[in-house]
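The values are calculated or read from the model by the stated rules, or taken from the named source; none is laboratory data. The model shown is predicted, which means the values in this text are computed figures rather than measured ones. All Cβ positions, even for glycine, are placed from backbone atoms using ideal geometry, and neighbour counts span all protein chains on display.
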Amino acid sequence: MTSVENRARLVLGNWKMHGSLAENAALLDALRAADPASHCEIGVCVPFPYLAQAASALGGSSVSWGAQDVSAHAKGAYTGEVSGAMLSEFGCRWTLAGHSERRSLHGETDQAVADKARAALDAGLTPVVCVGESLAEREGGNTLGVIERQLEPILALGADALARMVLAYEPVWAIGTGRTATPEQAQEVHGAIRVALRGLGAGQVRVLYGGSVKAANAATLFAMPDIDGALVGGASLVADEFLRIAAA
Ligand code: PEP
């Protein structure tokens, strides 16, 4: 089964609400200079105001860029929102959808996340749909149930849509905490997601792991059969660390 699944490695940075024109310039220049065209695709998801800067710094290199959120709507009276078409105009390849900080701080529901993924696809972007359980949910033995619930409206979009997406498993208790899931804990969830994807004929969809990934722990995570790369927060702000994760 795996032999027909061509899942190229992907390491994506999520800058969150960090950066300034000057800081970004140094980071983007370092990524561009490394231009690590290799076995692993690399991209960065930057704050909206810095998309033009990322496009200008990374255009023509092997490093792609994208946004951290997208509106579920194509256009209209949605003050403060940014549409997929707008992101496309800035050369975005990616947009995150349903990062846990959006779910918890902005009340995004599972269906709202699926609507955003659909809107991203309609604009020609690759949505990177994030799922993950809280510590209480894990300790209550509900990890797989939560992932299943979060994925339900995503899987309902169907195999053709899934084939144009990336999924990211990010346990909430591991994001920004320095506490990473063990490779075995991550693989258990990635394996379950893979089974669900294969059931729909979408086993080739890449599933990234996210949650305190660093150069020091990346290789053991990437050795797991169903982990296809990483979504990296804090460590993506340091060029050398980020590139070493991709090299792993
Ligand atoms: C994230 O923001 O998606 C993330 C995984 O953050 P960190 O790597 O800092 O845990």
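Structural remarks
- Scanning region 173-219 for residues that are touching a residue at least 24 places away in the same chain (Cβ under 8 Å), farther than 12 Å from Leu162 by Cβ and assigned to a loop (DSSP other than H, G, I, E, B) turns up Ile175, Gly176, Thr177, Gly178, Arg179, Thr180, Ala181, Gly211, Ser212, Val213, Lys214.
- Residue in region 220-236 that is surrounded by fewer than 19 Cβ atoms within 10 Å (Cβ to Cβ), assigned to a helix (DSSP H, G or I), more than 14 Å from the ligand (Cβ to nearest atom) and of a type in the set (Gly, Ala, Ser) present: no
- Among residues of region 70-99, those that are touching a helix residue (DSSP H, G or I) at 6+ places or on another chain (Cβ under 6 Å) and within 21 Å of Asp115 (Cα to Cα), counted: 7
- The set of residues in region 152-176 that are crowded, with 16+ Cβ neighbours inside 10 Å and within 16 Å of the ligand (Cβ to nearest atom) comprises Val166, Leu167, Ala168, Tyr169, Glu170, Pro171, Val172, Trp173, Ala174, Ile175.
- Looking across region 136-179, the residues that are out of contact with any Asp or Glu (no Cβ under 7 Å at 6 or more places or on another chain), among the β-branched types (Val, Ile, Thr) and over 19 Å from Leu197 (Cα atoms) come down to Ile175, Thr177.
- In region 111-127, the condition of being among the acidic types (Asp, Glu), modelled with pLDDT of 95 or more and within 27 Å of Ser20 (Cβ to Cβ) is met by no residue.
- Enumeration of residues in region 39-61 that are out of contact with any strand residue (DSSP E or B) (no Cβ under 7 Å at 6 or more places or on another chain) and at pLDDT below 95: Gly60, Ser61
- Sole residue being farther than 18 Å from Leu12 by Cα, of a type in the set (D, E, K, R), surrounded by fewer than 18 Cβ atoms within 10 Å (Cβ to Cβ) and within 10 Å of the ligand (Cβ to nearest atom), chosen from Arg179, Arg149, Arg198: Arg179
- Any helices (runs of 4 or more DSSP H) falling wholly within region 82-172 and containing at least 3 residues that are touching a strand residue (DSSP E or B) at 6+ places or on another chain (Cβ under 7 Å) and within 30 Å of Ser56 (Cβ to Cβ): 110-122
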